[in-house]
Amino acid sequence: MKIIMLGAPGAGKGTQAAKLAEKYQIPHISTGDIFRANIKQQTELGKKAKSYMDQGLLVPDELVVDLVVDRLRAEDCKNGYILDGFPRTIPQAQSLDRALDEDGTKIDYAIDIEVPDENIVNRMSGRRTCPDCGATYHMVHMPTKVEGICDVCGKEIVLRDDDQPETVQKRLDVYHEQTSPLIEYYQAKKVLKEIDGTKEIEEIFQSLVEMMQ
Ligand code: AMP
């Protein structure tokens, strides 16, 4: 099963992608996580990506596309994958389609998790991330077992630089301008599924699983 998660930053793509990946035993590929890992390791790619990410801007397509296409051709992706945060522009989607065509395969579902902007801004202020393993939490909706401490690796969780309120508004503007046209793009390909992202995490997950049966 090859799935793309669409939706604004903070809509819950990562949370649902992680749950789907576990249920279907396929890799969860988050371009944001790949960039953050590169920033942590201070790679050349990380250095380039950071300057864009800190401003709430998209990393240029040429730094993203080959990276993702190579990843999708890895052995563990042969039964499918969940793309979280890619594609984010029409040219990225076109490049992905070209690569899939070459490989004789296609996307099964593009899932748009819909959440109004005003909810997003509230949500993001409560989002916390583990700087070490990348796990995400929400202070109200998905708290850690021990306050402030990552359940997975025990490190102190933080508010990500790009989740700061002023950056969130910029990311939303970028989403509406550059990413939301992908909804029509995948609708035209008849793979779009729309889901109400304001519901509880479990309820959304159940609807997704039912939708894919
Ligand atoms: P995310 O964790 O998916 O919200 O991504 C965090 C940041 O990484 C975004 O705000 C972008 O700066 C960058 N990023 C992630 N995925 C992409 C992509 N497909 N294209 C361009 N930039 C991306």
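The values are calculated or read from the model by the stated rules, or taken from the named source; none is laboratory data. Note that this is a predicted model, so its numbers are computed, not measured. All Cβ positions, glycine included, derive from the backbone under ideal geometry; neighbour counts span all protein chains shown.
Answer yes if at least one residue in the range 75-89 is surrounded by fewer than 20 Cβ atoms within 10 Å (Cβ to Cβ), within 13 Å of the ligand (Cβ to nearest atom) and in a helix (DSSP H, G or I), and no otherwise.
no
Output the number of residues of the range 130-152 satisfying the condition of being closer than 16 Å to Ala18 by Cβ and either of a type in the set (Gly, Ala, Ser) or assigned to a loop (DSSP other than H, G, I, E, B) (or both). Steps first, answer last, please.
Taking the range 130-152 and keeping what is closer than 16 Å to Ala18 by Cβ, we get 130, 133-138, 141-142, 144, 150-152.
Filter once more, keeping what is either of a type in the set (Gly, Ala, Ser) or assigned to a loop (DSSP other than H, G, I, E, B) (or both): 130, 133-135, 141, 144, 150-152.
Qualifying residue count for the region: 9.
Among Leu63, Leu72, which is more than 9 Å from the ligand (Cβ to nearest atom), free of Cβ contacts under 8 Å to residues at least 60 places away in the same chain and of a type in the set (A, V, I, L, M)?
Testing whether each residue is more than 9 Å from the ligand (Cβ to nearest atom), free of Cβ contacts under 8 Å to residues at least 60 places away in the same chain and of a type in the set (A, V, I, L, M) leaves just Leu72.
Looking only at residues in the range 27-60 that are of a type in the set (A, V, I, L, M) and touching a Lys or Arg at 6+ places or on another chain (Cβ under 7 Å), which one is nearest to the ligand (Cβ to nearest atom)?
Leu58
Kindly check whether there is at least one residue in the range 179-195 that is within 18 Å of the chain's Cα centre (by Cα), more than 24 Å from Lys23 (Cβ to Cβ) and small (Gly, Ala, Ser).
Yes, the range 179-195 contains at least one residue that is within 18 Å of the chain's Cα centre (by Cα), more than 24 Å from Lys23 (Cβ to Cβ) and small (Gly, Ala, Ser).
Do we find a residue being over 19 Å from Ala110 (Cβ atoms), surrounded by fewer than 16 Cβ atoms within 10 Å (Cβ to Cβ) and among the polar types (S, T, N, Q) anywhere in the range 50-71?
Yes, the conditions are met somewhere in the range 50-71.
For the subset of the range 166-210 comprising residues that are among the aliphatic types (A, V, I, L, M), assigned to a helix (DSSP H, G or I) and under 17 Å from Ile82 (Cβ atoms), which member is nearest to the ligand (Cβ to nearest atom)?
Checking each candidate, the answer is Leu182.
I'd like to know if the range 184-203 contains one or more residues that are farther than 30 Å from Arg73 by Cβ and of a type in the set (A, V, I, L, M).
There is at least one residue in the range 184-203 that is farther than 30 Å from Arg73 by Cβ and of a type in the set (A, V, I, L, M).
Name the pairs: first residue in the range 148-162 and within 18 Å of Gly32 (Cβ to Cβ), second residue at pLDDT 95 or above and polar (S, T, N, Q), Cβ to Cβ under 8 Å, at least 6 apart or on different chains?
Cys150/Thr144; Ile157/Thr144
Determine, yes or no, whether Asp66 is at negative phi, part of a helix (DSSP H, G or I), at pLDDT 95 or above and of a type outside the set (A, V, I, L, M, F, W, C).
Judged against the criteria, Asp66 is not a match.
Among the residues that make up the range 137-149, is at least one of them over 18 Å from Leu6 (Cα atoms), surrounded by 13 or more Cβ atoms within 10 Å (Cβ to Cβ), of a type in the set (Ser, Thr, Tyr) and under 16 Å from the mean Cα position of the chain (by Cα)?
yes
Mind checking which residues of the range 4-60 are under 11 Å from the mean Cα position of the chain (by Cα), touching a residue at least 60 places away in the same chain (Cβ under 8 Å) and more than 21 Å from Glu194 (Cα to Cα)?
Result: Asp33, single match.
For the range 90-116, name all the residues that are part of a loop (DSSP other than H, G, I, E, B) and in contact (Cβ under 8 Å) with a residue 40 or more places away in the chain.
Of everything in the range 90-116, those that are part of a loop (DSSP other than H, G, I, E, B) and in contact (Cβ under 8 Å) with a residue 40 or more places away in the chain turn out to be Thr105, Lys106, Ile107, Asp108, Val115, Pro116.
When the range 181-204 is examined, which residues are found to be in contact (Cβ under 8 Å) with a residue 60 or more places away in the chain, in contact with a strand residue (DSSP E or B) (Cβ under 9 Å, 6 or more places away or on another chain) and closer than 15 Å to Pro91 by Cα?
Leu182, Ile183, Tyr185, Tyr186, listed by residue number.
Is there any pair with a first residue in the range 165-178 that is closer than 14 Å to Thr89 by Cβ and a second that is within 12 Å of the ligand (Cβ to nearest atom) and among the β-branched types (Val, Ile, Thr) whose Cβ atoms are under 7 Å apart and which are 6 or more apart or on different chains, and what are they?
That search, which allows pairs on different chains as well, returns Gln178/Thr89.
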